[in-house]
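Below: the structure, in structure tokens.
The values are calculated or read from the model by the stated rules, or taken from the named source; none is laboratory data. Everything quoted here is computed from the prediction, not taken from an experiment. A quick note on method: Cβ atoms are made from the backbone with ideal geometry, for glycine too, and the neighbour counts reach across all protein chains shown. Only protein heavy atoms, including side chains, enter the accessible area calculation; ligands, DNA and RNA are left aside. Shrake-Rupley method; radii C 1.70, N 1.55, O 1.52, S 1.80 Å.
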Amino acid sequence: MSTAVKHMTRPERFEVTPVPHSRIRQLHKQFPPREFELWWPHTAASAEEVEARLNCSVLAEAAVTTRAGRHRGVIKILTWLASVPGDTWQARWLASGAENIRGSRYGATASWADLPVEWIARQGRPVRHDRNDLAAGLLMLLCLDVIRPQLPWMLSQAHPFLAPMMAKLRDPDGFARLDELAATQPDTSRADARIAATRIATLLVSKGGTVTEITVGDCVELIETMAQVHSRRGQKKIDFYLRLRAMGIFPEDAPHSIRAFGA
């Protein structure tokens, strides 16, 4: 297997409505997002190596039944993906067609999990508890940086546990700094802090890395994608960016307010 890092143009996994905006276009030019990668070490790992990472001390703190469900889910997803052509788990995930299926936030009745469930059934295996296992397994694979779904698809899914698990597995320090920032704000803004943390975790899923590696361009891409797949705009959509800027991780010429985004 090649160890050269590969990049690819971001393919559209399902249709989104373009929302051209002169300020966003200008920001794109000034702050390009990180490229969409097809290869990185964790996605090229063997199934056994991925499984071994489930034994880390952080995950060992969970209840036995929770750990068992996560393990079953990871095995089921990797076994299904192994049947799809590709040299990495990411390549197989993209080839599987999972990102062609919009998530529950669109009111869709279909789910990405239908694909592995149907595959498991065709193998003559029992499918009891599969959907719960698959949801738990996917969360592990996202936070362990084994696969990186793209932003449009991620924004179509509900992610109630993504930020807390990302804080445990990927970047405890980065999310601790976000928590410290949130603690200085009124109690009424706690819900906003949770939403912001989920959006930041979403960027880490799709782009890789840690909180301090997020770029202005990554944020611009997320804001633009939110405008495409969600109808509402405004302060709430930019809040995650303002929190990251307050952490001091961006250059001095990074936008200071939501006006720069045309929100």
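See the values below:
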quantity: Helices (runs of 4 or more DSSP H) completely within the stretch 156-263 that count 1 or more residues being of a type in the set (S, T, N, Q) and under 24 Å from H28 (Cβ atoms); calculated: 190-207, 216-229, 235-246
quantity: Condition met for A135 (touching a Leu at 6+ places or on another chain (Cβ under 6 Å), of a type in the set (G, A, S), surrounded by 15 or more Cβ atoms within 10 Å (Cβ to Cβ) and at negative phi); calculated: no
quantity: Criterion: surrounded by fewer than 20 Cβ atoms within 10 Å (Cβ to Cβ), among the polar types (S, T, N, Q) and either at pLDDT 95 or above or over 26 Å from P251 (Cβ atoms) (or both) - qualifying residue of T210, T202, T215; calculated: T210
quantity: Residue match in the stretch 148-155 (condition: assigned to a loop (DSSP other than H, G, I, E, B) and surrounded by 22 or more Cβ atoms within 10 Å (Cβ to Cβ)); calculated: yes
quantity: Contacts under 8 angstrom Cβ, first residue in the stretch 233-244 being at pLDDT below 95 and open to solvent by 20 Å² or more (accessible area, probe 1.4 Å), partner in a helix (DSSP H, G or I) and charged (D, E, K, R), 6 or more apart; calculated: K236/D192; D239/D192
